[in-house]
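For reference, the structure discussed in these notes is given below.
The values are calculated or read from the model by the stated rules, or taken from the named source; none is laboratory data. Note that the coordinates shown come from a computational prediction; the quantities given were computed from them, not determined experimentally. Here the Cβ is made from the backbone with ideal geometry for all residues, glycine too, and neighbour counts use every protein chain on show. Remember, those area values only see protein heavy atoms, side chains included, never the ligands or the DNA or RNA. Shrake-Rupley method; radii C 1.70, N 1.55, O 1.52, S 1.80 Å.
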Amino acid sequence: MTLTTALPSAPASLPAYLEPLGHGVYAIDTAFQRDHFDAAYLVVDSGRAAFIDTGTRHALPRLLGALEALGLARDAVDWVIPTHVHLDHAGGVGPLMAELPAATMLAHPRGLRHMVDPSALWAGALAVYGEEEMRRSYGELVGVPESRAVASTDEQRVTVGGRTLRLIDTPGHARHHHCLWDETSGGWFTGDTFGLSYREFDDPERGAWIMPTSTPVQFEPDALRASIGRMMATSPSRMYLTHYSVVGRDEADVERLAALLIAQIDEMEAIALRLKDAPDRHAALKRELLALYQRRVHDHCGDRLPPTRVAALLAMDVELNAQGLGVWLDRLKRPG
């Protein structure tokens, strides 16, 4: 059934950053890095609501603005659920929780302590991004009171109004990652487990293009393939990605996207193993990854996007994927 009729009011228009996706699901463009790059989700059913991912602290006005635009009081939010604790997904959790008196924060058990005390999270991200970028892109981190923070369990169910969300443990991108199945819409809220898909790569006939993300420091290709397979066992017809928004026209299209992801995970793993002892390994990884993605985009889009445009759009992802593969290779070298 369509649940948008259960809203307390039906606004004639919504802010440009708030996109209705049907079935009571809304994507909020958090304005991280650029437009249409980072989404938080608001799920609404029978006057109750849940946020899934929040973007950074800078997204707070848009998150609260989404509630206001939909006529929802702040105490109508029952859950704030980061898919994992990377800051583009969870940096805004603490400030948002401070504004939502009835909400409980539900985090993966491996990430829960970082949501309560984000000092180690800040230090880890600082090592990757540096002080200036941390302040500019993420802002100050705020912890969630321990009394309002709970850990998820594999196969846990939580309710939002009249619907049920099912959580499963999905390592591969990060060990502190869970994804949420929404039977009402037939879709998964995938965080980064189902990769990245930017709207600039959409083709009118072929649909969306997608790529994996191996952001440091816990990329594990075998676990990622298994997590994708576990999600695909439900025959989803859509996937709600953080980067960016909903993909999948139907079950067959989601199967196409999953096959493309798996193929590229295999290719990325092969590139990394081939270059594991290369001089200036990081630069070599970046060159090979960019060539892979440019070739894959050309297969999907033809000549519509020149290689220089692809390189510009994927510059940050190529850098982070190379870093993550490097960490994975170093971990393989350690005994045990």
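Things to note:
- Checking every residue in the range 314-329 against the condition of being open to solvent by 20 Å² or more (accessible area, probe 1.4 Å) and in a loop (DSSP other than H, G, I, E, B) gives zero matches.
- Of all the residues in the range 8-47, those that are open to solvent by 20 Å² or more (accessible area, probe 1.4 Å), acidic (D, E) and assigned to a strand (DSSP E or B) number 1.
- Top-ranked residue of the range 203-229 - restricted to ones that are exposed (fewer than 15 other Cβ atoms within 10 Å of the Cβ) and out of contact with any Gly (no Cβ under 9 Å at 6 or more places or on another chain), ranked as nearest to Y41 (Cα to Cα): G229
- Filter pass, L106 being closer than 16 Å to H86 by Cβ and in contact with a strand residue (DSSP E or B) (Cβ under 8 Å, 6 or more places away or on another chain): no
- Subset of the range 270-283 that is free of Cβ contacts under 8 Å to residues at least 12 places away in the same chain and open to solvent by less than 40 Å² (accessible area, probe 1.4 Å) - its residue that is nearest to L329 (Cα to Cα): A278
- Checked against the criterion of being out of contact with any Ser or Thr (no Cβ under 8 Å at 6 or more places or on another chain), farther than 24 Å from A174 by Cβ and of a type outside the set (D, E, K, R), the range 317-336 contains not a single residue that satisfies it.
- Residues that are in a helix (DSSP H, G or I), of a type outside the set (D, E, K, R), within 18 Å of the chain's Cα centre (by Cα) and within 19 Å of P216 (Cα to Cα) are absent from the range 266-281 altogether.
- Here E267 does not qualify as out of contact with any Leu (no Cβ under 8 Å at 6 or more places or on another chain) and surrounded by 14 or more Cβ atoms within 10 Å (Cβ to Cβ).
- Test: A50 is outside any loop (DSSP other than H, G, I, E, B), out of contact with any helix residue (DSSP H, G or I) (no Cβ under 6 Å at 6 or more places or on another chain), open to solvent by less than 50 Å² (accessible area, probe 1.4 Å) and not β-branched (V, I, T): yes
- The C-beta contact set for the range 162-186 (first residue under 18 Å from S46 (Cβ atoms), second residue part of a loop (DSSP other than H, G, I, E, B) and among the hydroxyl-bearing types (S, T, Y), distance under 6 angstrom, 6+ apart or interchain) comprises G162/S46; R163/T184.
- Within the range 284-308, the set of residues being part of a helix (DSSP H, G or I), of a type outside the set (A, V, I, L, M, F, W, C) and in contact (Cβ under 8 Å) with a residue 40 or more places away in the chain comprises Y293, R296, H300.
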